[in-house]
Amino acid sequence: MIITGLLTGVITAFSGPIAFIGLAVPHLTKLLIKTSDHKILVPAVAIIGAIVMLISDTIAQLPNSEYTLPINAVTSLFGAPIVIWLLVRKRKISY
């Protein structure tokens, strides 16, 4: 678990918090679709990832406001809890 946490931190440090989308969306898609077939999973991940990024961008633009947030802030608020949940869930399964 420590190595996984460190690797996630290193990946995020190099690619930015938008990488949380790349870490979280495939796991969420696999949970939603409940298949391991990559012919179905890869296009579904691309579509769901695009939808999540559009929602994050909409939140970052703050509708009816002249201020904007960095999209990194919104994606990290979405992705960090999911990655933490996946790590905790994986730890419970291994015991």
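Residues of the range 8-66 that are under 14 Å from F78 (Cβ atoms), among the aliphatic types (A, V, I, L, M) and surrounded by 14 or more Cβ atoms within 10 Å (Cβ to Cβ): I18, A19, I21, L23, A24, V25, L28, I48, V52, M53, I59, A60. When T35, T4, T75 are checked against the criterion of being of a type in the set (S, T, N, Q) and touching a residue at least 60 places away in the same chain (Cβ under 8 Å), T4 stands alone in meeting it.
Within the range 64-74, can one find any residue that is in contact with a Ser or Thr (Cβ under 8 Å, 6 or more places away or on another chain) and either modelled with pLDDT under 85 or under 20 Å from T12 (Cα atoms) (or both)? Break it down into steps so the answer makes sense when it comes.
Within the range 64-74, the subset in contact with a Ser or Thr (Cβ under 8 Å, 6 or more places away or on another chain) is 71, 74.
Filter again for either modelled with pLDDT under 85 or under 20 Å from T12 (Cα atoms) (or both), leaving 71, 74.
There is at least one residue in the range 64-74 that is in contact with a Ser or Thr (Cβ under 8 Å, 6 or more places away or on another chain) and either modelled with pLDDT under 85 or under 20 Å from T12 (Cα atoms) (or both).
Checked across the range 75-92, the condition of being buried (at least 17 other Cβ atoms within 10 Å of the Cβ) and either at pLDDT 85 or above or of a type in the set (D, E) (or both) holds for at least one residue.
Let's see how each residue does on (1) closer than 29 Å to T68 by Cα; (2) touching a helix residue (DSSP H, G or I) at 6+ places or on another chain (Cβ under 8 Å); (3) in contact (Cβ under 8 Å) with a residue 40 or more places away in the chain; (4) assigned to a helix (DSSP H, G or I):
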residue: F14; (1), (2), (3), (4): yes, no, no, yes
residue: A24; (1), (2), (3), (4): yes, yes, yes, yes
residue: L28; (1), (2), (3), (4): yes, yes, yes, yes
residue: L31; (1), (2), (3), (4): no, no, no, yes
residue: P43; (1), (2), (3), (4): no, no, no, yes
residue: I47; (1), (2), (3), (4): yes, no, no, yes
residue: V52; (1), (2), (3), (4): yes, yes, no, yes
residue: D57; (1), (2), (3), (4): yes, yes, no, yes
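All conditions but one from (1) at pLDDT 85 or above; (2) closer than 27 Å to G5 by Cβ apply to Q61; the one that does not is (2).
The values are calculated or read from the model by the stated rules, or taken from the named source; none is laboratory data. All figures in this text were calculated on a predicted structure; none of them were measured in a lab. Every residue, glycine as well, gets a Cβ built from its backbone with ideal geometry; the counts of neighbours run over all protein chains shown.
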